Amino acid sequence: MFAVIRTGGKQYRVAAEDVIKVDKVKGDPGEIVQFGEVLVVGGDPVRLGAPTVTGASVAAEVLEQARGPKIIVFKKRRRKNSRRKRGHRQEFTLLRVTEILTDGAQPSKTARAKTERKKPTADAGPTQETAGAVEQDTPVAAQSKRQAGSAKKPAKGAAKSRAAKPKSSGKKK
């Protein structure tokens with residue numbers, strides 16, 4: 001079964017479990033959004049809308065809210081010393097179609113519960129990965145690195161080169 005929906009001024013042919021990229025719609029990742037503008041519902045009997053199919057809707061889960069690649073808009077007027085450069089990133093929503101509903105049915109799947117990220121506690125000691133980094137960045141180690149770096153640099157020879165050059169009075173003879 002497939003359906004043709006309209007959103008954001010565009011039409012999309014969708015089926016269950018399709019992943020589509022549409023212009024930005026409201027909804028956080030994990031939420032279920034419903035599209036009521038269904039133009040065609042395909043199946044054994046194809047139902048055409050005039051302009052939409054009554055009682056039909058498409059439910060989709062929001063996977064991600066993101067922005068597309070940067071587009072550079074550059075306008076120049078010849079011989080006028082006039083130019084303008086603008087950048088733009090179009091926002092979009094990535095959706096997974098969960099089901100195509102007919103006869104006014106409600107979506108069977110609900111939004112996933114939001115999971116909060118666990119923050120590391122201050123009581124926990126350094127992990128194995130960060131233990132080596134902590135030892136290297138101690139003040140004593142940093143000071144010894146600076147001293148080792150300064151010992152490798154050659155002495156400046158600026159005074160030597162100045163003495164070799166004859167001084168000129170600035171007047172040509």
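Screening region 81-111 for residues that are part of a strand (DSSP E or B) and aliphatic (A, V, I, L, M) and picking the one that is farthest from the chain's Cα centre (by Cα) gives 101.
In region 38-61, the residue that is nearest to residue 110 (Cα to Cα) out of those that are hydrophobic (A, V, I, L, M, F, W, C) and assigned to a loop (DSSP other than H, G, I, E, B) is 56. Within region 62-80, the set of residues being in a strand (DSSP E or B) and more than 23 Å from residue 19 (Cα to Cα) comprises 71, 72, 73, 74, 75, 76, 77. Within region 25-37, is there a residue that is without any contact (Cβ under 8 Å) to a residue 40 or more places away in the chain and assigned to a strand (DSSP E or B)? Yes, some residue in region 25-37 is without any contact (Cβ under 8 Å) to a residue 40 or more places away in the chain and assigned to a strand (DSSP E or B). Among the residues of region 38-88, those identified as out of contact with any strand residue (DSSP E or B) (no Cβ under 7 Å at 6 or more places or on another chain) and in contact (Cβ under 8 Å) with a residue 24 or more places away in the chain are 43, 55. Quick one: residue 15 ticks every box in (1) exposed (fewer than 15 other Cβ atoms within 10 Å of the Cβ); (2) closer than 16 Å to residue 92 by Cβ bar one, so which box is it? Among (1) exposed (fewer than 15 other Cβ atoms within 10 Å of the Cβ); (2) closer than 16 Å to residue 92 by Cβ, the lone unmet condition for residue 15 is (2).
Taken together, the residues in region 11-61 that are of a type in the set (Lys, Arg), modelled with pLDDT of 95 or more and under 17 Å from residue 99 (Cα atoms) amount to 2.
How many residues does region 79-107 hold that are among the hydroxyl-bearing types (Ser, Thr, Tyr), more than 13 Å from residue 62 (Cβ to Cβ) and surrounded by 11 or more Cβ atoms within 10 Å (Cβ to Cβ)? Qualifying residue count for the region: 1.
The values are calculated or read from the model by the stated rules, or taken from the named source; none is laboratory data. Predicted model only: the values in this text are computed from it and were never measured. Every residue, glycine among them, receives a Cβ derived from its backbone with ideal geometry; neighbour counts consider all protein chains shown.
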